[in-house]
Structure formats: C-alpha cells, structure tokens
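Below is one structure, written out as structure tokens, with a few remarks after it.
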Amino acid sequence: MYVKCFDDQDKLLLLNRGIDVSEILNYHLDDNSNYNEDDEGDGIIENNFSSNTKTDIVINPPLFNYPGFLRKLNFTSMIKAVEAWCYYLSIEMEKTQRSDLLENAEILIFRSLLRLCLNKGARLHELILYPDQFESSNDEMYTSLIEDEFKELFAPVKTLEFSGIVRMDGFLQMLAQRCRGIEHIRVTTLWARRSNDKLVGIFRDSLATLFSVQNSLTSFELSYCKAYTNAILPVLEPHTSTIRYIRFDNVNFEGCDPLCVLSNCKNMDVLEIIQCVNLNEEMVDPIIKTRFKNGFEVRLVGDELLQIEKFKDWVIKNSRFNKNIGTINLGSVCERNDANIASTEENILNEKYGGNNDEKGKL
C-alpha cells in the first residue's frame, strides 16, 4: 500500500517489516521528525493490522524468511494481484477521502516486491508468464525481467512456461537476454488459420533465438497448438542430444514435415502424445525406425492415432501403460500421465543435482 498519505509511523512500520518504501513515496522519511499516536495515519494501521487501540505496535521479526525462499513465480498472477490490490485500495481511499494513489503505484509496488524478494536472497527456479492476458500498459513490469537490478533473481531460472500468444514486441528476445540456463520449456496456446501466416514466422524466429542461447534443454512441452507446429519443431535441433522428455498435448500436426527432429532425440526417456490430430504415417515414420535408448517409453492417448497401424504397433511395443491399447481408459491414463510427468521431471533434476531439487516457495 504505497500511497501519498503515509505518515512517519506507517513508514517505520513497513521498514520494520523489511520493506523499503522510500522510493515509492513523494517524500522520504524524516529522521528528525516525531510522530504522534493520534495522527491520521493510524487509520491505515487499524485497517491492516486490526488494531482498535491507540497504542504502540511492536512488530517482531518473522520466524521464516518467506521472500528468501521464493522459487516459483507466476509473473502474470503477481501483476494481476498488484492491480487488484491497487484497485480496491483506491476505493477504500475514496471512502475515507484520503489522498489519491500515485499514478504509477502499480509499477512501484510490483518493483518493490521483486526487490524485497531479491534482497532477501530469493533465486527463481521456475517462471510462468502469460503476457497476453493483460494490457500493453503492463509492459514496463515485464521489462523488469531484463533490468540489471533483478538479474540475480531471474538468471537462475531452470523451468520456463509461457503462452505463445505474445502481444508484447520482443518478449522472447527479452527472455533470451536474461535466462540462459533453462532446462525445461513449456509453450501453450498457439493458434493460426494457416501455417504460412506472417505471425507464425515471427514467432518461430523469436523462439529460435530463445532456444539457441540455452546450454542444455532436457524437456519440452507443447500444448493447444494449431498451425505453428511445423515452425516450432526445428528449434529443438540444437538440443537433440540432451532432451529426455517431450510432450504434445492437443497439438494439430497438419502440414508438418516428417518428424526427424524427434527421431534425433535418441537419449529421450519419454515421448507423450495426448489427444493430438492429423499425424500420418509419413510423419511418424522416422520415429518408428529409430532405435532409442533402453527404457524408452511412449505414452499415447487419442483414438485417431491408433488408425496408423505401424505407429500403433510401435507404441504398444514401447509403452508400459498401453498394452491393452484397444480398450484404453482416457481418464485413468491422463491421471497416470500427470503423475508420471512430475516423476520424470523430478528424476531428471535429481540425477543432475544429486537429489537436491529445491522446489519450495511458490507465489
């Protein structure tokens, strides 16, 4: 709640809780000032800390450093929360006829929260971004990703999930500047009428930039995709030797070339194809003819794919769960798949980091 009407007592209260409010106010805390218990600022304290008496408030240090243990951040949800916070705060301020919020209050609060997490030692392992959900006025919040001030917060990201319907210019190039050690990428919600659409080509080039700067991608997931599939698959080529898990969920393969890039991922442990359409024998032929590592497994859900006899036989041969593929239960397989996705990713991380996979702290 960074507003013009904070008095010194309010500011001291926030400072004691580890939040530096000096940058987001029109004036700074006067070290020589004396505050009175009966000041107007007590209204905010009453609203936020349920204090009904005019007594001094003693704030003990928190027993647990929550900001310092932040590991997974839904960036877009955080923006939405700050927007809602400011909206309802402005309504309350109108009721009490207090001063208005600063014009850039949302940005100042957002950056202050990031700064708090960074200063408390937070280092992100997973970042979730859906910038298509909000107005372009939020672009300044997204540019925080590449600012040097927050470099140590975002640079360690290992897992990146984002929506493909990106409205902000240069968004993927921006991620490529900051996040260069990504191991797991999930892309969702890509749709176009035709694969030769101009936007498809632009997205392909941007995604290629992001993939090209990564050291060793180990898993890739693509979901709810139409007309982009043939443009996206080639960007996996630089990582075919390190990829161990690939998942396609509700992907339309219409117009795709033979899936040679998948056949080149010879170290792959798991290939999942869930409710995908327009796969044909020519596309899957390179995969069927490839000899993958021992223990390789295919997980398949979707009746249309079973019409390709050679592919069906290959899936049965390489699947633990789909032995009775003709009577497969969609719900139970999806449930098993969800559990095994998490298990597969956890095994990859444990093997790489010696079992020290810290996924604590979510926002």
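What to note about this one:
- On inspection, residue 280 fails the criterion of being under 27 Å from residue 131 (Cα atoms) and either among the charged types (D, E, K, R) or touching a residue at least 12 places away in the same chain (Cβ under 8 Å) (or both).
- Count of residues meeting criterion [charged (D, E, K, R) and more than 21 Å from residue 233 (Cβ to Cβ)] in the stretch 278-322: 6
- Residue in the stretch 215-224 that is out of contact with any helix residue (DSSP H, G or I) (no Cβ under 9 Å at 6 or more places or on another chain), under 24 Å from residue 164 (Cα atoms), in contact (Cβ under 8 Å) with a residue 24 or more places away in the chain and surrounded by 15 or more Cβ atoms within 10 Å (Cβ to Cβ) present: yes
- Some residue of the stretch 175-198 being in a helix (DSSP H, G or I), farther than 30 Å from residue 121 by Cβ and either in the same structural domain as residue 75 (by TED's automatic domain parsing) or out of contact with any Asp or Glu (no Cβ under 9 Å at 6 or more places or on another chain) (or both): yes
- If the condition is being of a type outside the set (Asp, Glu), part of a helix (DSSP H, G or I) and farther than 19 Å from residue 251 by Cβ, then the stretch 300-320 contributes 310, 316, 317.
- Sole residue being modelled with pLDDT of 85 or more, of a type outside the set (Asp, Glu), more than 14 Å from residue 275 (Cα to Cα) and out of contact with any Leu (no Cβ under 6 Å at 6 or more places or on another chain), chosen from 318, 324, 294: 294
- Residue 224 vs. criteria among the hydroxyl-bearing types (Ser, Thr, Tyr) and under 17 Å from the mean Cα position of the chain (by Cα): yes
- Residue match in the stretch 177-188 (condition: modelled with pLDDT under 90, over 19 Å from residue 239 (Cα atoms) and of a type in the set (Ser, Thr, Tyr)): no
- Test set (1) farther than 16 Å from residue 246 by Cα; (2) among the small types (Gly, Ala, Ser); (3) modelled with pLDDT of 75 or more - residue 332 fails condition number: (3)
- Checking each residue in the stretch 237-261 for being buried (at least 21 other Cβ atoms within 10 Å of the Cβ) and part of a helix (DSSP H, G or I) picks out only 239.
The values are calculated or read from the model by the stated rules, or taken from the named source; none is laboratory data. Note that the structure is a prediction, hence the values are computed from the model and not measured. We place every Cβ from the backbone using ideal geometry, glycine too, and count neighbours over all the protein chains shown.
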